[in-house]
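Everything below concerns the one structure shown next.
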Amino acid sequence: MEAGHSALPSDIGVEWLNSKGSWSFYFLVLLTSNVLVSALFPGIPLYKALSAVNIGHCLVTFFAFHWVKGIPFPTYYSMVPQNADQYTFWEQIDQRWQNTPSRKFCRVIVVALYAVAMQSTPWEKTGWQLANFIAFVVAFVAKMPAMDTVRIFGINK
């Protein structure tokens, strides 16, 4: 049995990341996002499309996983952990256990998107490289175990 996966019922709004097929769905959403960016902006270079997906993913997941507090999808038929409104989505995943498969998956996605975006970006495009790097650092650092319940400078307390 994996750490954090008990027999107690938990909130479905947070535990969807452990569901069968959720990782495949997440990957397909990212792939579809890249195709949409390329389709909506014909002639856009590949590095710009991949950078847009990387930066967009970092912005969306930082806001949704690390900024908004409380239950993301409240349900009436699941047990809501006590004081859930004090924690972000990320802090509620796997009942706050660190380094579970779901959390590792999210970290790997951030690293993989950054690596793909940087690999496709020419060295002369330092602005795009810097934007990708800043987005990566913000998203990756927020997912580190040491940042659990940390509010930098008291922001979002």
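Please state the relative contact order of region 90-157 as a whole percent: Cα pairs under 8 Å, 6+ residues apart?
Working: 28 pairs, mean separation 24.1, N = 68.
Reported as a whole number, the value is 35 percent.
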Checklist outcome for this item: Measure of exposure for residue 31: accessible area at 1.4 Å probe, Å² rounded to 10, is 90
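What ranking of 25, 62 comes out by heavy-atom accessible area, probe 1.4 Å, highest first? Walk me through the numbers before you get to the answer.
Working: 25 130, 62 65 Å².
So, going from the largest accessible area down, we get 25, 62.
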Item to check | Hits among lysines - C-alpha to C-alpha of residue 125 under 26 Å, sequence gap 8 or more where chains match | outcome: 48
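Between residue 59 and residue 150, what length in nm is gained on full extension when 0.36 nm per residue of separation is reduced by their alpha carbon distance?
The residue 59-residue 150 span can extend by a further 30.9 nm.
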Next on the checklist: Within 13 Å, Cβ to Cβ, of residue 66, how many net charges do the neighbouring residues add up to if Lys/Arg are +1 and Asp/Glu are -1?
Outcome noted: +3
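The values are calculated or read from the model by the stated rules, or taken from the named source; none is laboratory data. For clarity, every value in this text was computed on a predicted model and none was experimentally measured. In this analysis, Cβ positions are derived from the backbone assuming ideal geometry, glycine residues included, and neighbour counts consider all displayed protein chains. Note: areas computed on protein heavy atoms with side chains; ligands, DNA, RNA excluded. Shrake-Rupley method; radii C 1.70, N 1.55, O 1.52, S 1.80 Å.
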